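**Q** This structure is in structure tokens; I'll ask about it shortly.
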Amino acid sequence: MTPFIAKLVWWAGIIGWYAIRYPHQRRSRRTPIAKTSIVSRRQRAGDGVLLALSFTGLFILPVIYVTTNEPRIADYPFRPALAWLGTAVFALALFGFYRTHRDLGRCWSVTLEIRETHQLVTTGVYRHVRHPMYAAFFLWAIAQALLLPNWIAGPAGLLGFGTLFGLRLRHEERMMEATFGDAYRAYAARTWRVVPGVF
């Protein structure tokens, strides 16, 4: 493993994520569920800022580093073993994205909203964790930190996405509880939020 190949792995992960997300995003706009009424939406004034912060950490800053090697002042020695570990973690993240999208099916939405035809999904990967999409994003951020030996570009994803996660999760869970009531409370009681056995 070389620094150049580690950067290619990062690019491959980004392309892989987009290849997984795009068909679901496209279908979500065309299916009957997209035409049904929204019964609940949690959109707050700061959501755009949180999404921009996450996007900057997971994409903008790493792209600058991967394409220009800047800021070099924040570089630290490249460790091939960490890059190989980062490759494995990114592969796991992509698998998590795939399973989450597949298990949600037509209930997937890019925003925090629930439509009339939405159902509470508790099967597949959702049988174990309530927020597998967030888990996959955390794995992506960890992989980025392992692949890019730069104190700014590497951990930027953890900082950006971690902020979004910390400030958004409570509102999402309240929306689910308000919509699905006792069914969601029972589901929450038997599952973990992001990491089985930990959190």
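**Q** How high is the relative contact order of the chain, in percent, counting Cα pairs under 8 Å that sit 6 or more residues apart?
**A** 33 percent
**Q** Show that you can apply the helix-only estimate: for the chain, add -39,500 (n - 2.57) for every DSSP H stretch of four or more residues, divide by all residues, and state [θ] at 222 nm to the nearest 500.
**A** Details: 8 runs with 124 residues, N = 199.
Result for the chain: -20500 deg cm²/dmol, rounded to the nearest 500.
**Q** Rounded to the nearest 0.05, what FRET efficiency do R21 and Q119 give with R0 = 22 Å and r taken as the Cβ-Cβ distance? Could you check?
**A** Given R0 = 22 Å and the Cβ-Cβ separation, E is 0.55.
**Q** Something else about it: Run the numbers for R127 and F199: contour at 0.36 nm per residue of separation, minus the present Cα-Cα distance, in nm.
**A** Working: separation 72, 0.36 × 72 = 25.92 nm, distance 1.46 nm.
This chain segment gains 24.5 nm when fully extended.
**Q** May I ask you to derive the FRET efficiency for L85 and F4 from their Cβ-Cβ distance with R0 = 22 Å, giving the value to the nearest 0.05?
**A** With a Förster radius of 22 Å, E is 0.80.
**Q** Select from P62, P155, P77 the residue whose mean-square fluctuation is largest in a Gaussian network model of the chain (Cα-Cα springs shorter than 10 Å).
**A** P77
**Q** Taking θ = phi - 60°, what integer Hz values does the Karplus form 6.51 cos²θ - 1.76 cosθ + 1.60 yield along the range 184-198, in sequence order, with x for Gly and Pro?
**A** Listing the rounded values in order: 6, 4, 5, 5, 5, 5, 10, 10, 9, 5, 10, 10, x, x, 10 Hz.
**Q** Would you mind calculating the gained length between L51 and A186 on full extension (0.36 nm times residue separation, minus the Cα-Cα distance), in nm to one decimal?
**A** 45.6 nm
No lab work stands behind these numbers, since they all come straight from the coordinates. All figures in this text were calculated on a predicted structure; none of them were measured in a lab. Note: ideal-geometry Cβ built from the backbone for every residue, glycine included; neighbour counts use all protein chains shown.
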